[in-house]
Amino acid sequence: MLEDPDELAVLEEIQQELILQEQSVIAEYERSLQFDEECLNAMLEGLDASDKVICPVCRKNNLAVRNHLVFCQCGLYISTQGMTERKLRSLLESTVTEHSQRCFHSPEFTITSGMEEEANLLMSCPV
């Protein structure tokens with residue numbers, strides 16, 4: 001047993017520092033968990049956006065459908081009539097599904113010019 005009051009005071013001070021350090025580590029860990037949860041929720045919200053359509057040409061960005069146009073940041077720009085993101089998604093899904101029933105290769109999408117210089121989305125198979 002310690003009899004010197006100075007030694008006892010030093011040990012109590014060390015104990016308090018260790019408690020504060022432990023509380024700091026726990027707080028940092030909780031902040032990290034909260035950040036991870038927020039990131040996961042943001043990713044899940046992005047997956048839940050059911051009307052979003054990934055551009056079949058660049059396969060990176062989402063397509064946008066506005067004012068009779070379908071466009072993407074990659075340069076895809078197609079004039080349409082009565083097109084919605086939901087309808088576009090359905091058309092792309094059904095076309096790719098139909099192809100995959102006959103062929104195991106992934107189709108490729110490109111932009112072509114039609115007869116009146118209007119852009120069209122063309123699906124082709126490399127095989």
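The values are calculated or read from the model by the stated rules, or taken from the named source; none is laboratory data. Since the structure is predicted, the reported quantities are computational estimates derived from the model, not experimental observations. Neighbour counts are summed over all protein chains in view; Cβ atoms, including those assigned to glycine, are modelled from backbone coordinates with ideal geometry. Calculation scope for accessible area: heavy atoms of the full protein, side chains included, ligands and nucleic acids excluded. Shrake-Rupley method; radii C 1.70, N 1.55, O 1.52, S 1.80 Å.
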### Message
If I compute solvent accessible area with a 1.4 Å probe over the protein chains, what percent of it on region 53-124 is carbon and sulfur?
### Response
51 percent
### Mean ellipticity per residue at 222 nm, deg cm²/dmol - from DSSP H runs of n ≥ 4 across the chain, formula -39500 (n - 2.57)
-17000 deg cm²/dmol
### the chain, accessible area per residue, ligands and nucleic acids excluded (1.4 Å, Å²)
82 Å²
### Summary
In nanometres, the difference between 0.36 nm per residue of separation and the alpha-carbon distance of residue 87 and residue 17 is 18.9 nm
### Query
Relative to the longest principal Cα axis of the chain, at what angle does helix 5-48 sit, 0 to 90 degrees, rounded to 10?
10 degrees
### Task
Express the C-alpha Rg of region 70-127 as a ratio against the empirical globular expectation 2.2 N^0.38 Å, rounded to two decimals.
1.22
### Message
Using only the Cα atoms of the chain, what semi-axes does the equivalent ellipsoid have when each is the square root of 5 times a gyration tensor eigenvalue? Give whole Å, largest first.
### Response
63, 16, 12
#### Entry: Nearest-ten-degree value, helix 85-100 long axis tilted from longest Cα axis of the chain
80 degrees
### Query
Based on the Cβ-Cβ distance from residue 77 to residue 36, what FRET efficiency comes out when R0 is 30 Å, to the nearest 0.05?
0.20
